[in-house]
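Student: Dumping the structure here so I can ask a few things about it.
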Amino acid sequence: MKKYILLYGDKKPEDNICITNMFEHTKAINLGWTDFDYNYNKKIIDKEIEEGIEQIIFSGLEIGWDKLIKDIKQENPDLIIKVICNTQDSLLYYEYERENFFTLLELSKQGIVSDIAFFRKSQYETYKNLGYNCSYLKENYILKEEKKLSTYTQNEKLNIGIYPLNYTWDKNIFNQLCIGKMLENCNINYNALDERMDDFLETMNILHTQDKIKKIEEDELIQKMSKNDAIVSTSFTDYLHPVFWISMELGIPCLVGNHTDFLEENVQLKQYVVTTAEDNAIINAELLKKMIQNKEKIHQLYKEWKQEYNKEAEKQLIEFIDK
């Protein structure tokens, strides 16, 4: 395998949970807001190059990283630079996402970025057909055995965890919270991102417990999620799915929206954990009941599928690095 380093920023810490789990050699750098950030990042990269790095992989293209990429490529023409796309077309609604994505495409056209990796197969096929040099990676996450410490204890009430990691329209937060109204003897443990969530739950008279995530990182999510009977993560769209992966790896069934390419071939599992009606609390409450009733079966289906999936994901990752 070619000697590489994957560089990531703190713009999307939820993505970093999966990215740093997938790649062995990673290092955090600053977003490029100022000259100080540029110089700080440049020193890190120069040191890596001095130590024999053959390629640098950027997790996304964040603010200011285009100048950094251009400069290091000009100084080191033989250095391979790749970028893992961390957005999708549905999120180009946001100006920040749109500008950075178009800049990435331009860097690819110029040959400065040699390869763009996509986690969505349809997205990969679209841009490949448009003539861009790109690769398809299977999104993945493997929970280490020593971290599988469940704090769950049997409670009188059904505990449902809802842990959106951003307070944005695409997270479909209030439709998810409504599910608690459709389940008997249910308590919603939720990441309190905004006081409007508290007001909504009070107004709707839904039993709830604030379970605020102080820092978006693997250990924090594991601790919060382990106390629940099931997790809901039915956002309208998601690019990476750390909440789903952590939940399922812990043996807790997780209901997700219909944007999980990686489950397409697993029809049996998909029928239990994927909703096609993200904005319908009645339907999703029924799906949750079915999930909880079939918790052991879902865990077994996931476990059997995941063994082969891990191998396929690792193979694709190695091919991407060595490409």
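The values are calculated or read from the model by the stated rules, or taken from the named source; none is laboratory data. From a predicted model like this one, the values you see are computed outputs, not experimental measurements. Cβ atoms come from the backbone with ideal geometry, glycine included; neighbour counts cover every protein chain shown. Please note that ligands, DNA and RNA were not included when accessible areas were found on the heavy atoms of the full protein model with its side chains. Shrake-Rupley method; radii C 1.70, N 1.55, O 1.52, S 1.80 Å.
Student: Sort out for me the helices (runs of 4 or more DSSP H) sitting completely within region 1-113 that have 1 or more residues that are in contact (Cβ under 8 Å) with a residue 12 or more places away in the chain, within 30 Å of Ser235 (Cα to Cα) and open to solvent by less than 20 Å² (accessible area, probe 1.4 Å).
Tutor: Ranges flagged: 13-22, 65-75, 95-109.
Student: Need the failing condition index for Glu145 against (1) modelled with pLDDT of 95 or more; (2) exposed (fewer than 13 other Cβ atoms within 10 Å of the Cβ); (3) within 26 Å of Trp305 (Cβ to Cβ); (4) not hydroxyl-bearing (Ser, Thr, Tyr), just the number.
Tutor: Exception for Glu145: condition (1).
Student: I would also like to ask the following. Looking at Ile213, Ile222 in this structure, which one is touching an Asp or Glu at 6+ places or on another chain (Cβ under 6 Å) and within 23 Å of Gly9 (Cα to Cα)?
Tutor: Among Ile213, Ile222, only Ile213 is touching an Asp or Glu at 6+ places or on another chain (Cβ under 6 Å) and within 23 Å of Gly9 (Cα to Cα).
Student: Now for a separate question. Kindly provide the set of residues from region 169-207 that are touching an Asp or Glu at 6+ places or on another chain (Cβ under 8 Å), more than 19 Å from Val256 (Cβ to Cβ) and surrounded by 14 or more Cβ atoms within 10 Å (Cβ to Cβ), ordered by number.
Tutor: Passing the criteria: only Ala192.
Student: For Lys128, state whether it is at negative phi, modelled with pLDDT under 95 and not β-branched (Val, Ile, Thr).
Tutor: Considered against the rule, which asks whether it is at negative phi, modelled with pLDDT under 95 and not β-branched (Val, Ile, Thr), Lys128 comes out as no.
Student: Same structure, new question: Collect the residues in region 296-316 that are open to solvent by less than 50 Å² (accessible area, probe 1.4 Å) and either within 21 Å of Gly251 (Cβ to Cβ) or in a loop (DSSP other than H, G, I, E, B) (or both), keeping them in residue-number order.
Tutor: Across region 296-316, the qualifying residues are Ile298, Leu301, Tyr302, Trp305, Lys306, Tyr309, Asn310, Ala313.
Student: Let me ask you something else. Sort out which residues of region 114-129 are charged (D, E, K, R) and assigned to a helix (DSSP H, G or I), and write them in order of number.
Tutor: Lys121, Glu125, Lys128
Student: Looking at region 159-215 only, could you name the residues that are within 18 Å of Thr234 (Cβ to Cβ) and part of a strand (DSSP E or B)?
Tutor: Asn159, Ile160, Gly161, Ile162, Cys186, Ile188, Asn189, Tyr190, His208 - these are the residues of region 159-215 that are within 18 Å of Thr234 (Cβ to Cβ) and part of a strand (DSSP E or B).
Student: Which residue pairs have Cβ atoms closer than 8 Å, lie 6 or more positions apart in sequence or on different chains, and pair a first residue in region 243-266 that is under 17 Å from Asn189 (Cβ atoms) and open to solvent by less than 10 Å² (accessible area, probe 1.4 Å) with a second residue that is basic (Lys, Arg) and not in a loop (DSSP other than H, G, I, E, B)?
Tutor: Matching pairs, first to second residue: Pro253/Lys295.
Student: Shifting gears a bit: For region 263-275, does any single residue satisfy the condition of being within 23 Å of Thr168 (Cβ to Cβ) and either acidic (Asp, Glu) or in contact with a Lys or Arg (Cβ under 6 Å, 6 or more places away or on another chain) (or both)?
Tutor: There is no residue in region 263-275 that is within 23 Å of Thr168 (Cβ to Cβ) and either acidic (Asp, Glu) or in contact with a Lys or Arg (Cβ under 6 Å, 6 or more places away or on another chain) (or both).
Student: A further question on this structure: Taking interchain pairs and intrachain pairs at least six residues apart, which have beta carbon atoms under 8 angstrom, with the first residue in region 276-295 and open to solvent by 50 Å² or more (accessible area, probe 1.4 Å) and the second of a type in the set (S, T, N, Q) and not in a helix (DSSP H, G or I)?
Tutor: Matching pairs, first to second residue: Thr276/Asn258; Asp279/Asn172; Ile283/Thr275.
Student: Which numbered condition trips up Asp238, out of (1) closer than 25 Å to Gln123 by Cα; (2) more than 18 Å from the chain's Cα centre (by Cα)?
Tutor: All conditions pass for Asp238, except number (2).
Student: So how many residues does region 296-313 have that are touching a residue at least 60 places away in the same chain (Cβ under 8 Å) and either of a type in the set (S, T, N, Q) or under 21 Å from His25 (Cα atoms) (or both)?
Tutor: Within region 296-313, residues that are touching a residue at least 60 places away in the same chain (Cβ under 8 Å) and either of a type in the set (S, T, N, Q) or under 21 Å from His25 (Cα atoms) (or both) number 3.
Student: Can you report the number of residues in region 216-238 which are assigned to a loop (DSSP other than H, G, I, E, B) and either open to solvent by 10 Å² or more (accessible area, probe 1.4 Å) or closer than 18 Å to Leu193 by Cα (or both)?
Tutor: Residues meeting the conditions: 9.
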